[in-house]
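> Below are the structure tokens for one structure; questions will follow.
Nothing in this text is a laboratory measurement; each read-out follows from the coordinates by a stated rule. The model shown is predicted, which means the values in this text are computed figures rather than measured ones. For neighbour counting, all protein chains shown are included, and Cβ atoms are generated from backbone atoms with ideal geometry for every residue, glycine included.
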Amino acid sequence: MSLSPRIIALLLACLISALTLAFLTFVEGVTSSMLFVVGISSFVISFFLVLYAIELLVFREVNKMYKTIHQLKIRDFSISRKSIIKNSNPFKKLNDEIFVYVAKKQKEIDELKRLEQFRREFLADVSHELKTPIFAAQGFIHTLIDGAVDDEHVRDKFLSKAAKSLDGLDALVKDLVALSQLETGEVKMSFERVNFSQLIQEIFEQLETIAKAKNTSLSLKTSQPGPAWVKADVQRIMQVMTNLIENAVKYGNDNGKVIVHLEEDKKHIIVSVRDNGPGIPPEHLSRIFERFYRVEKSRSKERGGTGLGLAIVKHILNAHKSKITVMSKVDKGTTFRFKLEKMEV
Ligand SMILES: Nc1ncnc2c1ncn2[C@@H]1O[C@H](COP(=O)(O)OP(=O)(O)OP(=O)(O)O)[C@@H](O)[C@H]1O
Ligand SMILES: [Mg+2]
């Protein structure tokens, strides 16, 4: 027999009226008609009271559970653990615990879905990026095999084009390996004391040819004369600065200006790389640190970029406990900024 609220109310009402009658029989002068009236009325009252209490409790809590399910359906996960700990009602506690558990699982599922989507997009991007230089090199080589090799001029031209495509492929694979190693934390930074102003001068010298080709000036401005000592992994930080300065030249205007600014606060050297190029439209700004993201796909590709540079920059700076920010105004220019920890002698 299942204990429905009515049966529970009936049993309790019987018990209560029986107890009341039992007590009344000990009282002197109580007549049987009085006992009858008291018995009936106590039975009826307690039956309805108990039924009302049970139904109210059950209905209220079940209603709350429905509300919880509805909240979960519309993905409203706003409930704090504190409210659960404070609450002493076991129904409410149970309800809230279920809510928190499902919300946690839902968040995990959402995160997994996001990662899965990210993985799919990444795979599509990688295959697309790999396909381009492979197809190009393949095309040149097959044309040579099919007879173009006999013409000396065509042979040299096609061979150098095939070599260029394969160089691009090599750069892409190296960047991908570097990125995945940085992401998995495989690469250990070897921090040392680095003279940052000297490092910038070295990069300026390396990039002199590409800057000259665009008639772009490279200059360093420091708030204080002399070396600026920072704690950094010299190879990695060089990679960061090379990409930022190279981007500023590559994506800047002809006859442009690139200025590296070093400022100081108590504990940090604040580095900024500024150009007066065409800038980056606001809708792209938050995405340029994503892998393979290019503002103008065709133009950036034409300039030999893989679109991995800024993703690598972000990871290297994260490993230096720093964060890169970007500010850009269309037709005015772009500024990238980050901090590095000072390291005095
Ligand atoms: N200073 C800048 N001015 C304008 N656009 C920029 C600037 N720096 C970066 N960008 C945009 O951001 C995109 C991403 O830059 P990132 O350095 O990640 O890739 P890349 O330069 O195309 O390739 P890689 O650095 O791997 O050679 C570029 O393709 C370019 O569109
Ligand atoms: Mg770049």
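> With an 8 Å Cα cut-off and a minimum separation of 6 or more residues, compute the relative contact order for the range 5-106 in percent.
Numbers: 63 pairs, mean separation 26.8, N = 102.
Relative contact order of the range 5-106: 26 percent.
> Moving on. Can you check what the net charge comes to around residue 242, using other residues whose Cβ is under 11 Å from the Cβ of residue 242 (Lys, Arg +1; Asp, Glu -1)?
It works out to a net charge of -1.
> Suppose we keep just the alpha-carbon trace of the range 192-341; what are its Rg and Dmax in angstrom?
When restricted to the Cα atoms of the range 192-341, Rg and Dmax are 14.6, 43 Å.
> Now, a different point. What is the local net charge at residue 62, summed over the other residues whose Cβ is closer than 14 Å to its Cβ (Lys, Arg +1; Asp, Glu -1)? Each step should come with its number before you reach the end.
Values: positive: 60, 64, 67, 92; negative: 55, 61.
Cβ neighbours under 14 Å give a net charge of +2.
> Within the set 257/329; 266/314; 161/212, which residue pairs have Cα atoms separated by over 20 Å?
In this structure, 266/314; 161/212 exceed 20 Å between Cα atoms.
> Another one. Among 12, 166, 112, determine the one that fluctuates most according to a GNM of the chain built with springs between C-alpha atoms less than 10 Å apart.
Answer for the Gaussian network model of the chain: 12.
> Additional query: Which of the trypsin sites (Lys or Arg not before Pro) found in the range 232-318 are in a DSSP loop and have at most 10 neighbouring Cβ atoms, other than their own, within 10 Å?
In loop regions of the range 232-318 (DSSP not H, G, I, E or B), the sparsely surrounded trypsin sites (Lys or Arg not before Pro) are 266, 267.
> May I ask you to list the lysines whose Cα is less than 24 Å away from that of residue 157, ignoring any residue fewer than eight positions away on the same chain?
131, 301
> A 18 angstrom limit on the alpha carbon distance is what I want to check against. Which of 64/107; 231/267; 250/323 exceed it?
The pairs that break the limit, which is 18 Å between Cα atoms, are 64/107; 250/323.
> Calculate how steeply helix 5-25 sits against the longest principal axis of the alpha-carbon atoms of the chain, using the helix alpha-carbon long axis, and give the answer as 0 to 90 degrees to the nearest 10.
Between the helix axis and the principal axis of the chain, the angle is about 40 degrees.
> Looking only at the chain, where both bridge partners belong to it, what percent of the DSSP beta bridges are antiparallel (to the nearest 5)?
80 percent
> Follow-up question, since we're still on this one. May I ask for the Rg/Rh ratio of the range 223-271, computed from Cα atoms with Rh as the Kirkwood radius, given to two decimals?
1.03
> Separate question: Take the Cα atoms of the range 107-184, build their convex hull, and give its volume per residue in Å³. Each step should come with its number before you reach the end.
On the way: hull volume 5.6 nm³, N = 78.
Output value, Cα hull per residue: 71 Å³.
> Here's something else I'd like to know. Tell me, what is the FRET efficiency for residue 234 and residue 212 to the nearest 0.05, using R0 = 22 angstrom and their Cβ-Cβ distance as r? The partial results should precede the final answer.
Details: r = 26 Å, r/R0 = 1.18.
Plugging the Cβ-Cβ distance into 1/(1 + (r/R0)^6) gives 0.30.
> Let me see the P(r) profile for the range 78-219: every Cα-Cα distance counted, bins of 10 Å, each bin given as a percent of all pairs.
P(r) for the range 78-219, in whole percents per bin: 9, 16, 19, 20, 15, 10, 7, 4, 1, 0.
> About its Cα centre, what dipole magnitude does the chain give when the only charges are +1 on Lys and Arg Cβ and -1 on Asp and Glu Cβ, stated in debye to the nearest 20?
In total the dipole reaches around 1040 debye.
> Still on this structure, please answer the following. Among 137, 162, 181, flag the residue with its Cα farthest along the positive direction of the charge dipole of the range 107-184, charges on Cβ as +1 for Lys/Arg and -1 for Asp/Glu.
181
> What does the charge add up to near residue 154, with Lys and Arg as +1, Asp and Glu as -1, over the other residues with Cβ less than 12 Å from its Cβ?
Residues near residue 154 contribute -2 overall.
> May I pose another question? With label points built 7 Å along Cα→Cβ from the Cα atoms of residue 270 and residue 283, find their separation and express it in nm.
3.2 nm
> Provide the FRET efficiency to the nearest 0.05 for the residue 26-residue 48 pair, computing r from the beta carbons and using R0 = 30 Å. Don't jump to the answer; show the numbers that get you there.
Values: r = 27 Å, r/R0 = 0.90.
E between residue 26 and residue 48, to the nearest 0.05, is 0.65.
> Do any GluC sites (Glu not before Pro) in the range 181-264 lie in a DSSP loop with no more than 11 other beta carbon atoms within 10 Å, and if so, which?
Within the range 181-264, the qualifying GluC sites (Glu not before Pro) (loop, at most 11 other Cβ atoms within 10 Å) are 186.
> Mind checking the alpha-carbon convex hull of the chain and giving the volume per residue in Å³?
270 Å³
> Let me ask you something else. How tilted is helix 309-319 with respect to the longest principal axis of the chain? Cα atoms for both, answer in degrees (0 to 90, nearest 10).
60 degrees
> How high is the FRET efficiency between residue 125 and residue 220 when r is their beta carbon distance and R₀ equals 35 Å, given to the nearest 0.05? Numbers along the way, then the final one.
Numbers: r = 35 Å, r/R0 = 1.01.
Once the sixth-power term is evaluated, E becomes 0.50.
> With no solvent and one point per C-alpha, what does the Debye sum give as log10 I(q)/I(0) for the range 5-106 at q = 0.15 Å⁻¹?
So the normalised log intensities work out to -0.71.
> Which value, in debye to the nearest 20, gives the size of the charge dipole of the range 5-106 about its Cα centre, when Lys and Arg are +1 and Asp and Glu are -1 at the Cβ?
Dipole magnitude for the range 5-106 comes out near 960 debye.
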